Amino acid sequence: ILGEHLRICPQGYTCCTSEMEENFANKSRSEFEAMMKEAGRSVQATLTAQHRSFDSYFQDLLNKSEKALYDAFPSMYGELYTQNAKVFKDLYSELRRYYRSSNINLEEALNEFWTRLLERLFKLLNPQYHITDEYLDCMVKHAEQHKPFGEVPRELKVKATRAFIAARSYAQGFLVGSDVVRKVSQVSLSHECTRAIMKLMYCPHCRGMASVKPCNNYCLNVVKGCLANQADLSTEWKYLMDSLIGVADRIDGPYNVDTVIGTIHVRIAEAISNLQENKDSITSKVFQGCGNPKISTKGSSSEDKKRRGKVTLEAKSSAQALELLVLDAKGNLTALKTYWITLPSSLCSKRVMASSASDDKCWNGMTKGSYLPEVMGDGLANQINNPEVEVDITKPDMTIRQQIMQLKIMTNRLGNANIGNDVDFQDTSDDMSGSGSGDSCPDDVCGKRLSKSPSTRQPETHAIPKQSGHGVNGASSTSLPSASLLLLLLLSVAVSAAQHLWR
């Protein structure tokens, strides 16, 4: 029949009614969006699997260290352990809370552990004296000078904080990447794209050419036009992948989590043994600085007379497992670097099944023949002359711009982790005007400022997606106020500048 009624396909002779054309348009739209989600799910699965593998490995390290402490310390230290078991349990609980992105200060948590342990052990090692809380306060003030636990607290604080900062940023990076892909894959097609996709995939059917495949370059122009905003993720996405690879090298290198996390119990045992062996000298120095405490009426305990042997604890290394874990992650991250700019080619070759570029018997949008227009570049700015899709390059998709900002924030956090600086996480489900800015500052600035006085700083926060996959809700371009948009753009510039500084 004559095709004068057609609104999308060429108006020559056709076998499609208006209703059929509309059905094909809806079908092509749902199919293309399904293709996008399927491609995204593959990337999400890869990133989620990497997170799961590392998270399991890291948690296992902590669990084994804690179990080794619980198994060995009762026989090694007797009352020194049994009367202070909660102190050790609290330490591991704090370490887990920090790793899971709770808003706590790791250095303060470690300092608190050593302070509490010293107070308890000093009283137990000097049962003949009545030691008051005021006296313990005085003793703690002199602890840094006397170093009752030797160099262990200082060394563990330096190594553990770096290892934990790197580990939790690394684990969170995979989740943020996966969450960005999920949100972007759910972005709906525009009206113009729906028409272009229909023309690409189903207009040949209306011309009686159901077996004719679209020309490859024609398919590329349609998909690049429809996914122009998604392609703009590519730069920050590549930076995130590179940053994760950089932190992976740290985790299996200078900040080796296997060596540090897996031996926490050993270092604690060394510290306690140091206190026992130097008890008389340390007690004498404390008495000189704080005065002699009163004699206790309870008398001395026999507990102090035993369990002063050298530390015999050993930590089983899982360095090979870590090496393989990091190697696998780096391979996957490298493969994902170009995901957003290779997506059009991937969709055209694997999903739409387009013909080769040189084929002169492919569907070119009008009939069976060659496709002559050149292929557009990647990204929104390159679509100004796209012959197949009308793209307004002045109106970027705000949901995708918000995800670009999330990538920048996470990349900066990983950059700080790479040099041992920390910026607190805040696990929240509150909306953030969609920008990821909130009350935060660029991570390298926060990290440098906060690292100077970690015990007195007020936590800086960035909102991040929850591990369950429910993250920051994106706002549409219609609901984002103009002031928030301006703030978003200003913050984007600031973060980009800061990002180049640490690079």
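The values are calculated or read from the model by the stated rules, or taken from the named source; none is laboratory data. Not measured: the values here are computed from a predicted model. We place every Cβ from the backbone using ideal geometry, glycine too, and count neighbours over all the protein chains shown. Side chains included, ligands, DNA and RNA excluded: accessible areas come from the protein's heavy atoms. Shrake-Rupley method; radii C 1.70, N 1.55, O 1.52, S 1.80 Å.
Sorted by average packing, counted as other Cβ atoms within 10 angstrom per residue and highest first, what order do 394-406, 157-169 take?
Working: 394-406: 20.2, 157-169: 23.0.
By packing density, highest mean first, the sequence is 157-169, 394-406.
Compute, for region 1-71, the length of the dipole vector about the Cα centre, with Cβ point charges of +1 (Lys, Arg) and -1 (Asp, Glu) only. Units Debye, rounded to 20.
180
May I ask which of K37/K238; K224/K368; K27/K224; K89/K279; K123/K285; K67/K89 have a Cα-Cα span longer than 18 Å here?
Flagged as over cut-off: K37/K238; K224/K368; K27/K224; K89/K279.
Ignoring ligands, DNA and RNA, what accessible area per residue does region 1-99 give at 1.4 Å, in Å²? Write out the running numbers ahead of the final one.
Details: 4810 Å² over 99 residues.
The answer is 49 Å² per residue.
Which whole-number value in Å² is the accessible area per residue of region 115-158, probe 1.4 Å?
Details: 2270 Å² over 44 residues.
Accessible area per residue: 52 Å².
For E79 and S102, what is the calculated FRET efficiency with R₀ set at 30 Å and r taken between the beta-carbons, to the nearest 0.05?
Working: r = 32 Å, r/R0 = 1.06.
Here the calculated transfer efficiency is 0.40.
Round to the nearest 10 and report in Å² the accessible area of L327, as given by a 1.4 Å probe over the protein chains' heavy atoms.
Probe radius 1.4 Å; accessible area of L327 about 120 Å².
Using a 7 Å offset from the Cα along the Cα-to-Cβ direction at both M366 and K86, what is the distance between the two label points in nm, to one decimal?
With each label placed 7 Å out from Cα toward Cβ, I get 8.3 nm.
Just subtract the alpha-carbon distance of S93 and E155 from 0.36 nm times their residue separation and send over the number in nm, one decimal.
20.3 nm
How would I131, I8 rank on accessible area, largest to smallest, probe 1.4 Å?
Working: I131 15, I8 35 Å².
Heavy-atom accessible area, descending, gives I8, I131.
Compute, for region 36-176, the length of the dipole vector about the Cα centre, with Cβ point charges of +1 (Lys, Arg) and -1 (Asp, Glu) only. Units Debye, rounded to 20.
Approximately 580 debye in magnitude.
Note the full-extension length gain between L327 and Q11 as 0.36 nm times their separation in residues minus their Cα-Cα distance, in nm to one decimal.
My answer for the length gained is 108.1 nm.
Multiply the residue gap between A49 and H191 by 0.36 nm, knock off their C-alpha separation, and tell me the result in nm, one decimal place.
Values: separation 142, 0.36 × 142 = 51.12 nm, distance 3.56 nm.
Full extension from A49 to H191 adds 47.6 nm.
Accessible area per residue, 1.4 Å probe, Å², for region 194-254: what's the number?
For region 194-254, the solvent-accessible area averages 29 Å² per residue.
Return the long-range amide H neighbours of H130 (sequence gap of 5 or more, or a different chain), with a cut-off of under 5 Å between placed amide H atoms.
K294, I295, S296
How many percent of the accessible area of region 84-227 is carbon or sulfur, using a 1.4 Å probe? List each step's numbers first, then the result.
Values: 2440 of 5330 Å².
Heavy-atom surface of region 84-227 belonging to carbon and sulfur, 1.4 Å probe: 46 percent.
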